[in-house]
Amino acid sequence: MSLTTDHYLPSLRPVPPDLGRKLHHNHMEQLGIADTMRLAYACNQVENCAQDEWRRQLYQDQLQELMTANGQFTVPAIHLNDGWAIDDSMSLPHLDRILASSEKIIAERSGQRKSEPGTYRSYFQDVWKPGSDPLDYPEFLDFATSSDILAPICHYVGCIPALSTTLPSGIRFVESNAAFDDQPDRPHDSQLYHIDYYSLPNVYVLVLLRDTTREHGPWTFLPRSISQHVKEQLGYWKHARGYRLSDEEVFSVANPADAIEFTGKRGTVLFIESSGCLHFGSRNSIQPRFQLMLGYTGACRTDFSETFMPPKVYPVQEHDSLLRKLVLQKSLLPGPV
Ligand SMILES: [Fe+2]
């Protein structure tokens with residue numbers, strides 16, 4: 001099969017935007033999360049089956065070749081265990097460049113509330129500039145597409161992943177700050193436990209951009225096996241069940257001691273399946289928390305966001321490796337046989 005990269009699928013979208021938006025509304029409230037996900041996956045297969053199949057085939061048959069062309073490995077292989085892995089070696093490629101650039105971005109953009117009181121998730125601000133930052137700070141996408149970062153994700157999802165183009169944003173540079181929060185002492189929204197429904201699996205790579213302690217409102221999660229037990233016991237994702245769970249609900253069937261807080265030195269990296277592990281973050285960030293969030297999905301999502309959201313576009317150059325192009329261009333298709 002030829003690996004030319006300039007072919008795209010004509011639109012075969014079976015769900016109109018208004019219906020997609022309606023089914024997506026308020027965390028898939030109308031049909032319930034699990035049933036909406038099943039329906040979305042079936043509908044998205046109509047449009048994305050060729051990409052999905054190609055990405056799975058490339059993973060099975062040509063992963064080594066793709067990785068070699070993309071760049072050498074620089075650290076020992078990372079493996080997600082029970083839905084997560086932490087790398088605190090401080091030696092992942094381009095990490096030093098990211099940390100240096102982050103200080104410039106933080107100095108320039110942090111500490112300023114951008115939203116009006118009452119704004120959705122006011123405590124959580126993404127200061128990434130999608131138009132100019134990938135060009136001004138190419139190290140972020142260099143990191144996101146490096147072989148060391150991609151290999152564990154490829155093995156976890158069983159295909160060549162793509163940086164998410166709708167939900168969650170594929171790349172975010174976030175400041176969490178209780179000073180921006182309308183109700184800092186009462187957890188709400190993403191400060192409560194939940195499991196993401198965008199894609200199965202959805203994998204995050206989170207990078208601490210400053211030293212992070214409990215006072216910074218760390219990303220907090222339960223390992224996958226415990227999360228799935230809680231999900232089953234509580235009937236979570238079923239129709240008429242809310243998306244967010246209180247601590248009391250979660251710990252009625254789980255042990256609080258099993259919760260893991262993503263704290264540590266700047267440059268520490270967490271790989272996690274957010275579609276499998278219960279998690280929350282940015283809860284009472286008395287100290288501002290700065291975190292890079294990279295979101296990876298397969299080609300066929302389990303939500304309807306693509307029906308009503310314009311896809312994010314990441315810059316690609318002709319000389320980029322095929323692996324990098326696949327990660328940055330979700331709709332890429334194989335060329336003619
Ligand atoms: Fe989430």
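The values are calculated or read from the model by the stated rules, or taken from the named source; none is laboratory data. Note that the structure is a prediction, hence the values are computed from the model and not measured. Neighbour counts run over all protein chains shown; Cβ positions are idealised from the backbone, glycine included. SASA here: full protein model, heavy atoms, side chains in, ligands and nucleic acids out. Shrake-Rupley method; radii C 1.70, N 1.55, O 1.52, S 1.80 Å.
A few points about this structure:
- The smallest convex shape that holds all Cα atoms of region 10-143, its convex hull, gives 224 Å³ per residue.
- Total lysine pairs whose alpha carbons fall under 24 Å of each other in the chain (8 or more apart, or interchain): 12
- All alpha carbon pair distances within region 10-53 were sorted into 10 Å bins beginning at 0; the resulting P(r) in whole percents reads 28, 51, 21, 1.
- Taking a quarter of the surface of the Cα convex hull of the chain gives a mean projected area of 16.5 nm².
- Relative contact order for the chain, counting Cα pairs under 8 Å that sit 6 or more residues apart, in percent: 34
- More than 17 Å apart - percent of Cα-Cα pairs taken over region 255-325: 66
- Using the Cβ-Cβ distance between Q317 and S110 with R0 set to 30 Å, the FRET efficiency from 1/(1 + (r/R0)^6) comes to roughly 0.45.
- Relative contact order, whole percent, for region 1-154 stands at 25, derived from Cα pairs under 8 Å and 6 or more residues apart.
- Peptides 298-306, 237-245, 282-290 ranked from most to least packed, by the mean per-residue count of other Cβ atoms within 10 Å: 298-306, 282-290, 237-245.
- Rolling a 1.4 angstrom probe over region 200-268 with all protein chains present gives an accessible area of which 48% lies on carbon and sulfur atoms.
- C49, C159, ranked by accessible area, largest first (probe 1.4 Å): C49, C159
- Take the Cα of D142, step 7 Å toward its Cβ, do the same at A50, and the gap between the two points is 3.4 nm.
- Solvent-accessible heavy-atom area per residue, rounded to whole Å², over the chain at 1.4 Å: 43
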